[in-house]
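To start, the structure itself, in structure tokens.
Where a number appears in this text, it was derived from the coordinates with a stated rule and is not lab data. Just so we're clear, the structure is a prediction, and the values are computed from it rather than from any experiment. Note: ideal-geometry Cβ built from the backbone for every residue, glycine included; neighbour counts use all protein chains shown.
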Amino acid sequence: MTVGEFKQWLNQFDADKDGRISKAELHEAIRSLGVRFTSWKTRRGLLAADDNNNGVAPNHDQLRGPDQNTSPPSNECE
């Protein structure tokens, strides 16, 4: 999955269409993959993406790609 494909996939969970992903929206995205421990993974993902500590991931255009130590999720369950 490319970064562009990941952003497009994630965009479908942006319920309020504000261009940011809230904790609840991220939780739903992770849950849609059938991943277990979604609350823990949501919290960890948001902590990694929330650079200004406002409780939401940045605008989709500001998401870091694999070259910046962040990669799109895989469909693997842990």
- Taking neighbour Cβ counts within 10 Å as the exposure measure, how do 33, 10 sort from fewest upward? 33, 10
- Inter-label distance for residue 48 and residue 31, nm, one decimal - labels placed 7 Å from Cα along Cα-to-Cβ: 2.1 nm
- Loop-only check: which chymotrypsin sites (Phe, Trp or Tyr not before Pro) in the stretch 1-48 are DSSP coil with at most 16 other Cβ within 10 angstrom? 37
- Task: Would you mind ranking 17, 41, 7 by Cβ crowding within 10 Å, fewest neighbours first?
- Result: 17, 7, 41
- Query: What ranking do 43, 20 get, fewest neighbouring Cβ atoms within 10 angstrom at the top?
  - Reply: 43, 20
- If you take the beta carbon distance between residue 24 and residue 2 as r and set R0 to 35 Å, what does 1/(1 + (r/R0)^6) give as a FRET efficiency, to the nearest 0.05? 0.85
- Rg [Å, one decimal], Dmax [Å, integer] - the stretch 3-51, C-alpha atoms: 10.3, 27
